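Computed from the coordinates by the stated procedures, all read-outs in this text should not be read as laboratory data. As the structure is a prediction and not an experimental result, all values here were calculated from the model. Note: ideal-geometry Cβ built from the backbone for every residue, glycine included; neighbour counts use all protein chains shown.
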Amino acid sequence: MPTSSKKPAQSSVRKKTPTTTAARAKTKAATAPTKAKSTNSTLAKASSVTKKAIPKQKGSKQMAPKKHTVQKTSHVLNLSAKTFWPKTTELVSLEFSLRPLADCQLYPQYTIGLHAWFLHQIRDFDPELSAYLHNGESEKPFSLTGLNGQFTSHSQSLQLKAENAYQWRLNSLSGRVTQGIATWLKQLPQTLELQGAPLTIEAVQLAHPATTYTKLLNQGKAQQIEAKAVSLSFTSPTSFRRKGHHLPLPWPKNVFHSYLRRWNHFARTPTEPTDFLDWIDDHVIIQSHQLASLKVVAGKQGSVTGFTGSITYALDRLAAERPDYVAMFYVLCELAPYCGTGHKTTFGLGETHLGWRGSQAEVQVPSAQRVLAERIEELTMLFLTQKKRQGGSRARNTAEIWATILARREQGDGLAAIAQDMDLGYETAKTYSKLARRALREGKTD
């Protein structure tokens with residue numbers, strides 16, 4: 001994804017910067033990949049020079065609360081510190097500053113690799129936590145973004161330049177996971193290994209405050225008094241499932257249902273969903289929006305038509321008759337940057353920020369990703385037509401698996417790599433590939 005301005009947040013955790021000139025620090029940051037320094041203080045120092053404070057924005061025309069439209073200065077974590085946040089912390093949002101060791105290429109579905117790399121990192125010191133992250137909950141206790149930075153399309157892959165910096169965000173939604181991440185940060189490797197694209201980890205910082213669900217609830221109650229409009233920005237493709245299809249629109253009921261599911265699963269103060277969502281449907285209005293839709297590859301299989309951009313939600317006058325729901329409306333807006341919006345948020349979709357970003361939230365999908373997504377969708381529809389007698393979600397799931405395998409094979413990906421990305425046995429992937437090719441030939445002869 002192209003670079004978008006990030007919404008930093010205040011943190012009480014600060015790094016210690018050695019006394020040196022800016023020129024020397026920049027030189028060390030640029031040569032860190034070749035010198036392979038292993039100390040966390042060096043990684044933090046490189047970022048302290050390149051990371052600049054974002055100035056406050058004044059005179060916003062949006063009606064969102066002031067705290068949602070003001071950019072705050074974030075701070076790099078001192079990775080040698082004993083603690084990064086209180087043990088009671090439940091939610092945390094981290095931003096990793098990354099730089100390629102050399103010019104390299106990524107395959108379009110690289111977010112699968114980010115997902116797998118994180119789980120493997122946790123598995124190395126806590127296999128039970130890794131299994132919990134992978135399989136344990138109907139609502140995943142984490143979310144992550146794709147890489148934000150400058151990409152160029154090269155043939156059927158994405159090209160990263162060594163002189164460019166990239167940002168990646170990782171969010172935790174439960175105390176157990178947050179403390180596991182704190183342990184992991186103390187033994188953080190020097191590089192993030194993606195298939196064919198090793199990235200140096202230059203620094204880690206808090207993207208949003210480390211907090212708890214109780215604090216979010218108190219924030220919502222405080223905002224309830226003024227009951228102002230709230231703007232949200234979606235900086236990666238975002239979508240919902242509706243009757244077996246994708247819904248690429250931020251309709252209030254779908255958006256807040258997405259957040260409420262996470263809240264009810266992880267917070268200790270759940271809200272009854274039916275009445276609250278009916279209230280959302282009746283009293284939350286769309287005040288303004290600037291949106292675009294686009295098709296992208298989605299997680300391990302299939303493609304998604306999603307939306308990006310900004311939207312402002314407001315409450316009508318009758319909403320005040322339920323002050324508890326008004327408070328929950330603001331609580332869920334505060335939760336949004338941590339949990340993301342919609343589905344497949346553990347594979348980079350649904351990245352969400354408080355505040356109106358307008359054109360800054362626009363996403364230009366690299367052509368390699370767009371071409372792959374369109375081919376997967378084309379093959380999926382072909383295979384679904386052939387399986388029309390079966391119907392249901394099982395037929396669509398099978399069609400998406402076949403389509404994803406075949407589309408990736410067509411662009412030159414190896415079957416072993418595809419099987420690994422899709423959590424399939426090699427022989428199973430091989431069988432599916434043969435069935436997909438046969439179905440494609442039959443479709444061409446019809």
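See the values below:
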item	result
Cα shape, the stretch 271-316, gyration tensor, a/c 1.5 rule	oblate
For MET328, MET381, MET422, order by how many other beta-carbon atoms lie within 10 Å, fewest first	MET381, MET422, MET328
Likely footprinting exposure, THR191, THR238, fewest C-beta neighbours within 10 Å first	THR191, THR238
Karplus-derived 3J(HN,Hα), 6.51/-1.76/1.60, for each residue of the stretch 409-425, Hz, glycine and proline x	5, 4, 8, x, 6, x, 5, 5, 5, 5, 4, 5, 4, 9, 6, 10, x
In nm, spacing of pseudo-spin labels at ARG317 and LEU291 (7 Å Cα→C-beta vector)	2.8
Global size of the stretch 219-361 as Cα Rg and Dmax, reported in angstrom	14.6, 45
Relative contact order of the stretch 117-218, pairs being alpha-carbon contacts under 8 Å that are 6 or more residues apart, as %	22
Prolate/oblate/rounded call for the stretch 188-272, Cα gyration tensor, a/c under 1.5 rounded	oblate
Order of ARG268, ARG437 - criterion: other Cβ atoms within 10 Å of each residue's Cβ, fewest first	ARG268, ARG437
Packing-based order for 79-85, 105-111, using average beta carbon neighbours within 10 Å, highest first	105-111, 79-85
Separation between Cα centres of the stretch 158-212 and the stretch 381-433, rounded to whole Å	31
Normalised contact order of the stretch 367-439, rounded percent, pairs of Cα under 8 Å and 6 or more residues apart	30
Residue-wise HN-Hα coupling along the stretch 157-168, computed from phi with Karplus coefficients 6.51, -1.76, 1.60 (Hz; x: Gly, Pro)	9, 10, 9, 10, 9, 5, 7, 9, 9, 10, 10, 9
Förster radius 56 Å - calculated FRET efficiency between THR431 and ASP281, Cβ distance, rounded to 0.05	0.80
Three-way shape call for the stretch 367-439 based on the alpha-carbon gyration tensor, with the a/c threshold at 1.5	oblate
Out-of-range pairs (alpha-carbon distance over 27 Å; input LYS186/LYS300; LYS387/LYS430; LYS387/LYS434; LYS215/LYS253; LYS221/LYS243; LYS140/LYS161)	LYS186/LYS300; LYS221/LYS243; LYS140/LYS161
